[in-house]
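Trainee: Sharing a structure with you now.
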Amino acid sequence: RDTHPPYDRPPLSKDLLAPGEPPRIPEYLPGGAAAYRRTGVELRLGEPATGLDPDARLVRLGERELGYDALVIATGARPRWPAAVPRLPGAHALRTLDDALSVRAALDAGARTVVVGGGFVGAEVASAARRRGLPVTIVEARATPLVRAVGERVGALCALAHSRAGTELRCGVEVVGVEGDGRVERVLLSDGTAVPADLLVLGVGAEPATGWLADSGLPLRDGLVCDATLSPGAERVFAAGDVARWHNAATDREMRLEHWTSAAEGAAVAGHNAVTDGPRRAFATIPYFWSELYGTRIQFVGVPDADHVEVLGDPEQGRFAALYHRDDRLVGALTVGWRPPAARFRALVRRRAARDEGLALAARGAAA
């Protein structure tokens, strides 16, 4: 549906929201559509796919059809929009370039901000607001933010960054309504309170964009279900990015990841398999994501499902590491303002290194 040439998404909630002069739009190929034409790529912007016939090898674009020899489905995900939040001016999701530009304009105008959802994207919005000295409230339905991403204990430690920065964090409450005369003015919460707001940003997750595949016969279950080669079972059809669900051999579990790194890695595998007549590649990856909150870099590798978590450093000062172990093997690592680079922890998680190896690497980071 997007009308802009392809662009990088991570800067939308990071650099593009930062105060000061707006940074360059994060295009993949500077020069717009003309740059793609020079490489032999045809862009059809603002024309969403509406259906797929994998037997006839046809993609429907409204009333038109587009044939293919090979197809890579990379339709991503759409932000969830709670029923309690009307689509008033001042209410935004944060998924597209236009979303980010609208949120930035509101912040530049001094908006009182409410963020719904205590995940990393919402926290990055809060960070951008506080860097401008603006009041901001995060509303999180769970008792602790970031539970799905990093686990309950470490989520509570990460939440300390909000109190240090002056962000109000309201946990265990939900948005039940929004009031305003033609635009957002107050956000109503389940505890009976109301928070004044000029800007409401939703950060309550996303749903894979698979509605257009409903009649395709392809397997759908919170994403497009694929095998290890990212094929959903139809001839010369593959998937990549947020829309793909597959068994990840590197973590020995079925996953659907919404991280930039895994999307880029999966796209390389899907693209290779779509055009080759030789052996297909399997896709296996150790999840990785990063965020930057209130000027501090946060990185996570692996999975948070562990039977033991060890925390090193000083969470009160916002500089610590958390190591996730299962059966005395490293399955995940989080670093907050900490060296060494997460890539080294990722390598340890990939080979399921022993607990002592993770601790030794973390200790070197403490000394750096």
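Trainee: Could you pull out every residue, at least 5 positions away or on a different chain, whose amide H is within less than 5 Å of the one on V115? Hs are placed 1.01 Å off N in the peptide plane, and Pro or chain starts have none.
Mentor: T137, I138, V139, V201
Trainee: In whole Å, what is the distance between the alpha-carbon centres of the range 94-151 and the range 206-261?
Mentor: 28 Å
Trainee: Between the DSSP loop rule and a limit of at most 12 other Cβ atoms within 10 Å, which trypsin sites (Lys or Arg not before Pro) in the range 30-124 are left?
Mentor: R44, R87
Trainee: Still on this structure: Put one equal scatterer on each alpha carbon of the chain, apply the Debye formula with no solvent term, and list log10 I(q)/I(0) at q = 0.07, 0.11 1/Å to two decimals.
Mentor: -0.34, -0.86
Trainee: Turning to a different aspect of this structure: For the chain, what is the relative contact order in percent, using Cα pairs closer than 8 Å and at least 6 residues apart in sequence?
Mentor: 14 percent
Trainee: With charges set only on the Cβ (+1 for Lys and Arg, -1 for Asp and Glu), what does the dipole of the chain come to about its Cα centre, in debye to the nearest 20?
Mentor: On the way: 45 positive and 46 negative charges, 171 e Å.
Taking the Cα centre of the chain as origin, the dipole is about 820 debye.
Trainee: Of the DSSP beta bridges with both residues in the range 67-185, give the percent that are antiparallel, rounding to the nearest 5. All intermediate terms of the calculation are to be shown ahead of the outcome.
Mentor: On the way: 0 of 8 bridges.
Antiparallel bridges: around 0 percent, rounded to the nearest 5.
Trainee: Tell me which residues come under 5 Å, amide H to amide H, from R326 once H is placed; ignore anything under 5 positions away on its chain.
Mentor: D307, V331
Trainee: Follow-up. So for the chain: antiparallel DSSP bridges make up what percent, rounded to the nearest 5?
Mentor: Values: 48 of 67 bridges.
Here the antiparallel bridges make up roughly 70 percent for the chain.
Trainee: Accessible area per residue of the chain at 1.4 Å probe, in Å²?
Mentor: Accessible area per residue, the chain: 47 Å².
Trainee: Tell me the GluC sites (Glu not before Pro) within the range 219-259 that lie in a loop according to DSSP and have at most 15 other beta-carbon atoms within 10 Å.
Mentor: Sparse-neighbourhood loop GluC sites (Glu not before Pro): E235.
Trainee: Something else now. What do you reckon, how do W260, W81, W290 stack up by accessible area (1.4 Å probe), largest on top?
Mentor: Order by accessible area, largest first: W260, W290, W81.
Trainee: Which of the trypsin sites (Lys or Arg not before Pro) across the range 305-362 are loop residues per DSSP, with 12 or fewer other Cβ within 10 Å?
Mentor: Taking the range 305-362 and a limit of 12 other Cβ atoms within 10 Å, the loop trypsin sites (Lys or Arg not before Pro) found are R351.
Trainee: With the crude spin-label approximation of a point 7 Å out along Cα→Cβ, what separation in nm comes out for R132 versus E65?
Mentor: That separation, rounded to one decimal, is 4.9 nm.
Trainee: What part of the accessible area of the chain, given as a whole %, is carbon or sulfur when the probe is 1.4 angstrom?
Mentor: So the carbon and sulfur contribution to the accessible surface is 49 percent.
Trainee: Then there's this: Would you grab the residues whose amide H sits under 5 Å from the one on A91? Only those 5+ places off in sequence or on another chain, please, with H modelled 1.01 Å from N.
Mentor: Sorted by chain and number, the residues that satisfy this are V184, L200.
Trainee: Using alpha-carbon pairs under 8 Å, 6+ residues apart, how would you state the relative contact order of the range 1-131 in percent?
Mentor: Relative CO of the range 1-131 lands at 28 percent.
Trainee: Just how much of C226 is accessible, in Å², when a 1.4 Å probe is used and the result is rounded to the nearest 10?
Mentor: The accessible area comes out at roughly 20 Å².
The values are calculated or read from the model by the stated rules, or taken from the named source; none is laboratory data. Just so it is clear, the model here is predicted, and its values are computed rather than measured. Methodologically, a virtual Cβ is constructed for each residue, glycine included, from the backbone with ideal geometry; neighbour enumeration extends over all protein chains shown. Heads up: the accessible areas ignore ligands, DNA and RNA and are worked out on the full protein's heavy atoms, side chains in. Shrake-Rupley method; radii C 1.70, N 1.55, O 1.52, S 1.80 Å.
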